[in-house]
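The values are calculated or read from the model by the stated rules, or taken from the named source; none is laboratory data. What you are looking at is a predicted structure, and each value in this text was computed from that prediction instead of being measured. Glycine gets a Cβ as well: all are built from the backbone with ideal geometry, and neighbour counts include every protein chain shown. Only protein heavy atoms, including side chains, enter the accessible area calculation; ligands, DNA and RNA are left aside. Shrake-Rupley method; radii C 1.70, N 1.55, O 1.52, S 1.80 Å.
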Amino acid sequence: MTTWNELLGVGASESAEQIKQRYRQLSIRVHPDKGGSTGLMQLVSEAYQAVKNGKGDHSPLDSQQSAGGTAALRSQVARLQKELAALQQENRTLRACQANNQIPAHLTAKIAKLEFDNRQWREHYQKLEKQHHVLEEQHQRLSKQHDSDKKKSKQLNRELKQALSQVEQLETELKHKATPVTLKAAKPGLAWRWVLASWGVIAVLMLPTSHWQSMMRTLLDQPAPEVAQRVRIVEPLENNQTTAPVSTPTPQVSDSRASMPTAPMIQLTATANQWHVSQFDKVPQPYLALRSEQGSYVVANCQGEFYVYLNTTYQPLRVPPNLDYITQRQHFHVYAIPYGQGASIDSWQLARKVKIFDDTFVSEDLAPQLSAFEQSCQRAPGLTAANF
């Protein structure tokens, strides 16, 4: 005999919330608006009320009144049993779906909307990814072009430096071949005039009397007085004595070298901010030099003297107090550095950057070049390296 629990599809041990949820599911299925019938909806409602009131184990036949006879009631029961079997099958299907954690029906619309949005976002992402690939290809192409342009610019800079070096060499050769232009040297200061005058007076006063007499005779056109020859009388020696040979002293001939010209011509180089050892043009003496980016040189000779070969077409009006103008050589204005910054190796070792006029000299790799320069000075004939 069929009970109300079997009609509703619930067990005796299920909670009120589970019974209510089962009733809602069956109501959606058998409602007249959803394709069901009024009788089934009424039967489900009666079953829910009976189970809710604790009469789930009773039979629906106990509450039916015999109005239409037993046969009609039995036919109705048979029809209801068929519907019950269908509902039980559907109940089992729903339970299987619930066991498999399938999405409830009221979330299907939201899921469909989310899937639609997801497809749109995927299509948008694919478009962005294609654009990213295109931009990445353009970036790679521009990077290759940039590297190529950079190599070309380096090559052009190298060629430009070589051309500038050749131009400097050609200008130097043309200046050597052309008629030299004598420039008026800058007048030394008042202090230097006094120094030169003092040295001249001292040199004149230190001349011996004989030189004064010869100079006066030369000025007065008087003949030089004859000097009587002195004869030394040597007494004869005894027989047992032997005369020792008189050794006549041989006058020593001083090896007088030609004086070194002031600020001789130097060899041009294209390497800047690096010390290098080279040899003066037409003078067999080495020198140590440093070139600036503007083409000027700081030159030190073996006597420990420092000079600035300023690469400019005009002589600056304002000169630092520790510089003395010497002459013009090649296309340089040459200044001596007798004291102050840049006048010794120690100052170049302490200050890595020295600014002279508007040129900046960066001192690098001084120690190995200084050692090579001292060895070159020691090998030069008649020269020794100064105490740097």
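In order along the stretch 271-277, the phi-based Karplus estimate (6.51 cos²θ - 1.76 cosθ + 1.60, θ = phi - 60°) of 3J(HN,Hα) comes to 8, 9, 6, 9, 5, 8, 9 Hz; Gly and Pro are listed as x.
Bridgeable lysines around K34 (alpha carbons under 27 Å apart, same-chain partners fewer than 8 residues away excluded): K20, K52, K82, K110, K113.
Figure note: T262, T313 ranked by solvent-accessible area, largest first, 1.4 Å probe, ligands and nucleic acids not counted: T313, T262.
Extension gain, E305 to D346, is 13.5 nm, computed as 0.36 nm per intervening residue step minus the present C-alpha separation. Near the amide H of T360, within less than 5 Å, lie the amide hydrogens of E293, Q294, all on another chain or at least 5 residues away, with H placed in the peptide plane. Per-residue Karplus couplings for the stretch 291-296, computed as 6.51 cos²θ - 1.76 cosθ + 1.60 with θ equal to phi - 60°, are listed in order as 9, 8, 5, 7, x, 8 Hz, Gly and Pro entered as x. For I326, nonlocal amide neighbours, meaning residues 5 or more places apart or on other chains whose placed amide H falls under 5 Å from its own, are V334, Y335, A336. Extension gain, N53-A197: 0.36 nm per intervening residue step, less the Cα-Cα distance, totals 37.7 nm. Taking Cβ atoms as reference points and 12 Å as the exclusive limit, the residues near H276 contribute a net charge of -1, counting Lys and Arg as +1 and Asp and Glu as -1. In order along the stretch 76-86, the Karplus-derived 3J(HN,Hα) couplings, from 6.51 cos²θ - 1.76 cosθ + 1.60 at θ = phi - 60°, round to 5, 5, 4, 5, 5, 5, 5, 4, 5, 4, 5 Hz, and Gly and Pro are given as x. Each of K175 and A16 was given a label point 7 Å from its Cα along the Cα-to-Cβ line. The distance between the two points is 11.5 nm.
Protection proxy ranking of 85-96, 297-308, 277-288, by the mean of other Cβ atoms within 10 Å over each peptide's residues and highest first, is 297-308, 277-288, 85-96. Think of the stretch 137-178 as a dipole: +1 on every Lys or Arg Cβ, -1 on every Asp or Glu Cβ, centred on the Cα centre; then among Q169, Q155, Q138, Q138 lies furthest on the positive end.
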